[in-house]
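Notes for the one structure printed next.
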Amino acid sequence: MRRLWYNSIIVRCIIHSDLCNFYASVECMLKPSLKDVPLVVGGDETKRHGIVLAKNPLAKAKGIKTGDTLWEARRKEPSIVIVPPHFDTYMHYSQLANEIYIRYTSKVEAYGADECWLDVTNSKKLFGSGKEIADDIRKIIKQELGLTVSCGVSFNKIFAKLASDMADPDATLEITKDNFKEKLYNLPCDKLMGIGRKTYPKLLDYNIRTIGDLALANPIMMKRNFGINGLKMIQFAKGEDNEPVREYVESREMQSIGHGMTATKDIVTYDDSDTVIYYLADLVARRMRRTGVQGKGVAVGLRDSNLESITRQTKLIFDISNATQIAKAAIQLTRDNWNRSLPLRTITVSVFNLSMIGSESQISMFEQTDNRPARLDAALDTIRSRYGYDKIIRANLIERDFIYDKSDAEDFLPFMR
């Protein structure tokens, strides 16, 4: 007798955990008196970083939002207390939360310092249903860390995150294969992860307003107007996100290395933009050398005084890791794409298409004829590591008052919540 075997379809169980108002919650937990006043964590106004990074519930009740300028926040509530960010402390508590997550599963993938996905499909026999695990996690984090968490439970990462976004603070919301259309299809489609403020208006132009509309959208039209991302948006809306949750020890492959800076005053001349780019290129090249990588592409991000941003990139025929080479490519991109009727506020320089130094790569006949740039870079690194970064700088950086010390952590915010 011939025996037939059938593979049962395993429905995944994914939890998305979101530490509520993380920056502000840590500040209030460490200093309980702050819980009784409207509080925001804010950047340094003297460096034009004066925005709300996080707020507690009392500040939120006054209409204060993440991303508001501090003067806007004061106008909404004159009595607000503004505290500076303490990033090392936040990262410490983020790590403590991760150590709680891995008690339940090895598949824990961070999405910023305050959010994580957990795949608990194979953990349910030990710890109960997905909702029971999520509730247990919330209870333990509150007991051990003094912080609150919102959790979403679903059968894929996209819906799990959407569920945690919809959940009340310190609560769990579950979205299943049986109820996701009922719970989600009438929501605006920009609630889905990956649909931002620029994509949403374009979708509205095609009368795609809700997640349900997006699920029924014409794939040919979506691909024509949004590329491959158009098809992904349809898949997300239909609950067909199959991306796995990474193992906790597994890191993302490095795609690029970059640095950005908001100048202390508007950048209005090519001379000023060149100076900023050389400064950033130097920092990028230094990180590349530490990591042991080279790259075959350079990108710049430009944000003007109207807070409109563009990103442009160029691919090279040979790999680079030298600051001068990076800066030359970035300067050309900036001059080709900057509308100089609007001053620049922020410049970002990055190198992509990375490979390890020493791997096989195309070299330039003209710009890599000797190893003097590499020897110079090594000498700079030695001097700076021994005596400090600012002990040797480019001449064009001297007395430039719009550049501040890049050791300031504010330009490296891991997230904004």
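The values are calculated or read from the model by the stated rules, or taken from the named source; none is laboratory data. Model, not experiment: these values are computed from the prediction. Every residue, glycine as well, gets a Cβ built from its backbone with ideal geometry; the counts of neighbours run over all protein chains shown. The accessibility values were calculated without ligands, DNA or RNA, using every heavy atom of the protein model including side chains. Shrake-Rupley method; radii C 1.70, N 1.55, O 1.52, S 1.80 Å.
Rounded, prolate or oblate: pick one for the stretch 232-358, where a ≥ b ≥ c are the square roots of the eigenvalues of its C-alpha gyration tensor, a/c under 1.5 means rounded, and failing that, prolate if a/b is larger than b/c, else oblate. Walk me through the intermediate numbers first.
On the way: a/c = 2.26, a/b = 1.33, b/c = 1.70.
Oblate, because a/c is 1.5 or more while a/b does not exceed b/c.
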Loop-located trypsin sites (Lys or Arg not before Pro) in the stretch 171-259 whose Cβ has at most 12 other Cβ within 10 Å (DSSP):
Lys177, Arg197, Lys198, Arg252
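What is the packing order of peptides 30-37, 102-109, 319-326, taking the mean over residues of other C-beta atoms within 10 Å and listing the highest first? Working shown, then result.
Working: 30-37: 12.0, 102-109: 19.1, 319-326: 22.9.
Ranking the peptides 30-37, 102-109, 319-326 by packing returns 319-326, 102-109, 30-37.
Find the Rg to Rh ratio for the stretch 94-148, where Rh is the Kirkwood radius over alpha-carbon pairs and Rg uses the same atoms. If you can, show how the numbers build up before the last one.
Details: Rg = 10.7 Å, Rh = 11.4 Å.
Reported Rg/Rh, Kirkwood definition of Rh: 0.94.
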If you split all Cα-Cα distances of the stretch 106-260 into 10 Å bins from zero, what percentages do you get per bin, shortest first?
10, 35, 33, 19, 4, 0
Between Asn207 and Arg335, what is the label-to-label distance in nm when each label sits 7 Å out along the Cα-to-Cβ direction?
5.0
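Mind ordering 281-288, 82-89 by average Cβ neighbours within 10 Å, highest first?
Numbers: 281-288: 22.1, 82-89: 14.6.
Highest-to-lowest ranking by the protection proxy: 281-288, 82-89.
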For Lys191 and Val11, extending 7 Å from Cα along the Cα-Cβ vector and measuring point to point gives, in nm, a value of 2.0
How long are the semi-axes of the ellipsoid equivalent to the stretch 109-193, from square roots of 5 times the Cα gyration tensor eigenvalues, in whole Å, largest first?
21, 16, 12
Give the accessible area for Tyr185 in Å² (nearest 10); use a 1.4 Å probe, count only protein heavy atoms, and leave out ligands, DNA and RNA.
40
Calculate how many DSSP beta bridges within the stretch 22-132 are antiparallel, expressed in % of all such bridges and rounded to the nearest 5.
70
Dmax and Rg, reported as Rg then Dmax, of the stretch 284-341 (C-alpha, Å):
12.8, 40
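Rounded to the nearest whole Å², what accessible area per residue is found for the stretch 100-244 with the 1.4 Å probe? Can you show the working numbers first?
Working: 7300 Å² over 145 residues.
Using a 1.4 Å probe on heavy atoms only, each residue of the stretch 100-244 averages 50 Å².
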